[in-house]
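Reading through the structure tokens given below for one structure.
The values are calculated or read from the model by the stated rules, or taken from the named source; none is laboratory data. None of the values given here were measured: they were computed from a predicted structure. A quick note on method: Cβ atoms are made from the backbone with ideal geometry, for glycine too, and the neighbour counts reach across all protein chains shown.
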Amino acid sequence: MVEIFTVGGGDYLVNVFQAVAAWTGNGGYKSLLQVVMVMGLGLSAITLAFNQDWRAWINWFLGATLIYSCLMVPRLDVHVTDRLNPSLAPANVSNVPLGLALMASFTSQVGDYLTGSAEVVFGLPGDLNYSKNGMIYGARLYDATRSLRISDPEFAANLDEHFRQCVFYDVLLGRYSMKELAETSDIWTTIAPGSQARAQRFLTRDTGTGQVTSNIITCREAYDALNAQWAGLIDGMGTVFGRQLYPNQTAALAKAKLFADLPVAYQYLTGVSANATEIFKQTLTINAMSQAMHSMAATSGAGNVDVYAQTRADIQTERTYGSIASNAMKWVPLLNVVLTVLFYALFPVLFPLFLLPKTGPLALKGYVTGFFYLAAWGPLFVILHMMLMYKGAADMSAVAGSSGLSLASFTGMADVNSDIGLLAGYLIASVPFLAGGVAKGAMAISHHATSYLNPSQNAAEEAAREASTGNVSLGNTSFENSSV
């Protein structure tokens with residue numbers, strides 16, 4: 001038995017190998033190969049008759065016999081190992097042709113070894129490796145959790161009321177400053193224990209009837225009541241959110257994976273040492289407090305034109321990269337799986353061509369080369385993953401500073417993480433071209449380098465032209481125009 005490795009799509013590979021085993025073991029397919037052998041004999045005989053080249057007949061006979069005897073007749077059992085789905089079942093397939101089994105096993109093991117070795121030497125945390133959880137898993141996990149909102153409507157309303165009626169008045173009275181709230185890594189502890197001199201409206205839902213009642217209680221009583229509800233709220237949200245992130249796992253396993261991976265991602269990217277419950281509480285509190293705050297900001301008009309040009313260029317660049325990135329993050333990893341499945345499935349289709357004179361060895365060489373082309377995708381994914389995670393960790397740690405995850409750093413960290421996601425998606429789109437050009441050297445792919453920067457360059461040129469000439473055009477709409 002030989003082992004075949006893949007990063008995702010293991011169930012597709014199992015189905016393809018089962019189909020190939022059944023297809024090539026069919027009596028009709030064996031009859032097709034007999035017809036092709038007769039055609040090959042006829043073509044080699046014609047070559048011998050017209051070119052007086054007896055070696056053409058010998059070369060075809062020996063080549064076709066060896067290819068058929070070595071690649072098709074022997075059969076092997078294969079075991080598919082999916083790095084993203086270790087519990088894949090069924091994973092064993094019997095009676096796969098030796099040629100397909102060995103080529104798939106060798107090239108996939110080479111790619112898996114290079115991928116695993118690259119992850120070891122690059123030194124990322126195990127839970128953030130590409131082969132375990134996919135591209136920029138840590139950044140994707142941070143991006144998914146930063147927009148969390150409280151799912152319990154009564155709890156959300158009570159917390160919003162607590163900020164507006166209790167916390168903000170504590171700031172005005174000097175109990176703590178806005179700077180303290182902005183820089184603390186635990187807002188909920190900082191605002192404790194609540195004032196006994198002020199009160200707020202507090203909603204309570206009857207668990208039996210579902211009826212909601214409203215009462216006026218002191219801020220301290222409200223704080224204590226909310227504090228007692230945090231654990232249950234986070235536990236319930238963790239279950240629901242875990243199922244959204246990991247739909248292929250059970251609710252319990254998804255929640256356990258989320259609560260295990262979240263601290264690792266935050267520790268690596270931001271330097272925040274906290275468990276998943278603390279991260280959930282701080283994130284939910286920041287979002288709730290931001291929602292309760294109403295502020296205005298104004299700037300002088302001295303440099304409005306320059307600010308406009310830079311802002312417009314940044315926005316246009318981000319939108320261009322974003323449109324490419326969102327598609328690339330979805331279809332490039334899927335394209336790798338699709339191409340791999342197609343290469344495996346084409347074995348019985350292309351095998352008759354391997355038995356023909358002259359074209360047979362060339363077709364076999366091209367087919368084998370395709371396997372190595374696909375095997376190069378994994379190491380390229382890992383290298384891009386490493387570079388982007390390093391950059392994300394450096395930038396987000398710089399934004400977080402000594403305060404870690406706080407109200408002051410939350411927006412900046414989110415912006416940095418968003419940029420990393422956009423850049424990752426855009427660079428992933430280059431992997432198919434990079435993998436094809438690796439064997440030809442750097443010059444074969446050098447012409448792609450400038451195209452990566454075209455969106456940013458074009459956006460900057462267009463914005464600078466508008467700012468320098470004063471011809472600003474925004475929000476124009478043209479609909480059903482016609483010229484006669």
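Say we look at region 363-402 and pick out the residues that are assigned to a loop (DSSP other than H, G, I, E, B) and over 21 Å from Ala435 (Cβ atoms); which of these is nearest to the chain's Cα centre (by Cα)?
Let us first name the residues in region 363-402 that are assigned to a loop (DSSP other than H, G, I, E, B), namely 376, 401-402.
Checking the rest, the ones that are also over 21 Å from Ala435 (Cβ atoms) come to 401-402.
Values: Gly401: 27, Ser402: 29 Å.
Result: Gly401.
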Only one of Ala144, Ala139 that is surrounded by fewer than 16 Cβ atoms within 10 Å (Cβ to Cβ), within 24 Å of Gly8 (Cβ to Cβ), outside the structural domain of Ile420 (by TED's automatic domain parsing) and touching a residue at least 12 places away in the same chain (Cβ under 8 Å):
Ala144
Among (1) assigned to a loop (DSSP other than H, G, I, E, B); (2) surrounded by fewer than 17 Cβ atoms within 10 Å (Cβ to Cβ), where does Leu405 come up short?
(2)
Kindly provide the set of residues from region 183-198 that are under 11 Å from Leu405 (Cβ atoms) and β-branched (Val, Ile, Thr), ordered by number.
Thr184, Ile187
Can you find, within region 121-136, the residue that is surrounded by the fewest Cβ atoms within 10 Å (Cβ to Cβ) among those that are within 14 Å of the chain's Cα centre (by Cα) and of a type outside the set (D, E, K, R)?
Gly134
Can you work out which of the residues in region 210-229 that are assigned to a helix (DSSP H, G or I) and touching a Ser or Thr at 6+ places or on another chain (Cβ under 8 Å) is surrounded by the most Cβ atoms within 10 Å (Cβ to Cβ)?
Cys219
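Condition first: among the acidic types (Asp, Glu) and within 15 Å of Pro379 (Cα to Cα). Now tell me which residues in region 119-153 satisfy that. Walk me through how you get there before you give the answer.
First, the residues of region 119-153 that are among the acidic types (Asp, Glu): 119, 127, 143, 152.
The answer is Glu119, and nothing else.
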Can you name the residue in region 358-373 that is surrounded by 19 or more Cβ atoms within 10 Å (Cβ to Cβ) and of a type in the set (A, V, I, L, M, F, W, C) and is also nearest to Ala345 (Cα to Cα) among such residues?
Phe371
Only residues that are more than 19 Å from Arg149 (Cα to Cα), part of a helix (DSSP H, G or I) and among the β-branched types (Val, Ile, Thr): list them for region 236-292, please.
Val264, Thr270
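A quick yes/no check of all residues on (1) more than 25 Å from Val7 (Cβ to Cβ); (2) at pLDDT 90 or above; (3) in contact with a helix residue (DSSP H, G or I) (Cβ under 8 Å, 6 or more places away or on another chain):
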site: Gln249; (1), (2), (3): no, no, yes
site: Lys255; (1), (2), (3): no, yes, yes
site: Thr270; (1), (2), (3): yes, no, yes
site: Ser290; (1), (2), (3): yes, no, yes
site: Ala309; (1), (2), (3): yes, no, yes
site: Lys330; (1), (2), (3): no, no, no
site: Asn336; (1), (2), (3): no, no, yes
site: Phe347; (1), (2), (3): no, no, yes
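Using the structure shown, decide if Gly236 is surrounded by fewer than 16 Cβ atoms within 10 Å (Cβ to Cβ) and either among the polar types (S, T, N, Q) or over 23 Å from Val272 (Cα atoms) (or both). Can you show your working first?
Values: surrounded by fewer than 16 Cβ atoms within 10 Å (Cβ to Cβ): yes; either among the polar types (S, T, N, Q) or over 23 Å from Val272 (Cα atoms) (or both): yes.
In short, yes.
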From (1) surrounded by fewer than 16 Cβ atoms within 10 Å (Cβ to Cβ); (2) at pLDDT below 85; (3) among the basic types (Lys, Arg), pick out the condition that doesn't hold for Arg75.
(2)
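For the structure I just gave you, tell me whether Gly116 is without any contact (Cβ under 8 Å) to a residue 24 or more places away in the chain, in a helix (DSSP H, G or I) and not hydroxyl-bearing (Ser, Thr, Tyr).
Details: without any contact (Cβ under 8 Å) to a residue 24 or more places away in the chain: yes; in a helix (DSSP H, G or I): yes; not hydroxyl-bearing (Ser, Thr, Tyr): yes.
The answer is yes for Gly116.
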Per the filter on region 41-96, residues farther than 25 Å from Val368 by Cα, part of a helix (DSSP H, G or I) and in contact (Cβ under 8 Å) with a residue 40 or more places away in the chain are Thr47
